[in-house]
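Comments concern the structure below.
The values are calculated or read from the model by the stated rules, or taken from the named source; none is laboratory data. Note that this is a predicted model, so its numbers are computed, not measured. Quick reminder, even Gly has a Cβ in these numbers, built from the backbone with ideal geometry, and neighbours come from all protein chains shown. Accessible surface is based on the protein model in full, side chains and every heavy atom, while ligands, DNA and RNA are left aside. Shrake-Rupley method; radii C 1.70, N 1.55, O 1.52, S 1.80 Å.
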Amino acid sequence: MLEIEYEFREQDLIHFNELRLSKSGEMQKNIRKHRLIVPAIMTLLAFFNYAYYQDRMSAGYVLLFALLWAIFAPKIMIWDMRRQILTNYTDKEKVNMFGTYTLTIDPANPKFLLEKSPSGKHKMAWEDLVRVEYGNRYVYIYIDLNTALVIPVETVKKGNLEQFAEQAEKMIE
C-alpha cells in the first residue's frame, strides 16, 4: 500500500491557477497586448505630439508612461489574477480545501485512489483520472483538464512521493 500525506496551502492553489492561466492563450494574448500594443500606440502618439506640436516635454512624458505601462501592466495583471483566485472561494470552501491530505493506493482496492482531505474521504476511479504531471516543486494528478490534486514536494510529511507518482501514472494508464 502506497500512501502519502501532505499539506495543501493557499500559495499552492495560487501557483496551480497561475500555471494554468500562464498556459492559457487568452492570458498570453492579454499580456502581449499590454506589453507591446498599448505602449506602441502611446509611442506613436508621442511621436505625433513631437512632430506636430514640437513639444518635447509632453512627448517625453507619454514615452515614459508607455515604458512604465509595458513594465508594470503585466505585473499588475498577475497580482489582480491572484486576488481574484482567492475571492472565488468562500471561507467555508477554503476551510474544506486547505489542510492535510492523505492519498492512498490500496492494492486491496485497485480501482480507486483514496483521498482523505479536510472536506472528508473520497474515492476517485483511476479511469476517471487524466494524467500525472511533474512540475518544478509540485506533482499534479489531473482529475480533469482544469482540475488537479496539487502535491507540493516541500510539504510531504509521510511517504515517498516519487514512488507514489510513478504508481499513480501506471494505474491511470
Checklist line | Paramagnetic reach from residue 7 in the stretch 92-110 [backbone N under 13 Å; point 7 Å along Cα→Cβ] | finding: 98-101
Notebook entry, point to check: Where q = 0.11, 0.12, 0.18 Å⁻¹, what log10 of I(q)/I(0) comes from the Debye formula for the stretch 1-94, counting one point per Cα?
Noted result: -0.51, -0.57, -0.86
Note to self: Report the number of Lys pairs in the chain whose alpha-carbons are under 22 Å apart, with separation of 8 or more residues or on distinct chains.
What the structure shows: 23
Check: Quick one: helix 161-172 against the long Cα principal axis of the chain, what's the angle to the nearest 10°, folded into 0 to 90?
Finding: 80
Notebook entry, point to check: Carbon and sulfur atoms: what percent of the 1.4 Å accessible area of the stretch 1-55 do they account for?
Noted result: 60
Item checked: Helix-derived mean residue ellipticity, 222 nm - over the chain, DSSP H n ≥ 4, -39500 (n - 2.57), to 500 -> -16500 deg cm²/dmol
Margin query: For a bin width of 10 Å, list the pair-distance distribution of the stretch 101-168 built from all Cα-Cα distances, rounded to whole %.
Written below: 19, 59, 22, 0
Notebook entry, point to check: By how many degrees, between 0 and 90 and to the nearest 10, does the Cα long axis of helix 56-87 differ from the longest principal axis of the chain?
Noted result: 20
Note to self: Just to confirm, what accessible area per residue do you get for the chain at 1.4 Å probe, in whole Å²?
What the structure shows: 65
Item checked: (i) 16.2; (ii) 17.2; (iii) 19.2, with the label sought being that of the calculated Kirkwood radius over Cα pairs in Å -> (iii)
Note to self: Under 17 Å from a point placed 7 Å out from the Cα of residue 65 along the Cα-to-Cβ direction: which residues of the stretch 5-44 have their backbone N that close?
What the structure shows: 34-44
Note to self: How high is the relative contact order of the stretch 1-134? Use alpha-carbon pairs under 8 Å, at least six apart in sequence, and give a whole percent.
What the structure shows: 30
Notebook entry, point to check: Considering only the other residues whose Cβ falls under 11 Å of the Cβ of residue 100, what net charge follows from Lys and Arg at +1 and Asp and Glu at -1?
Noted result: +2
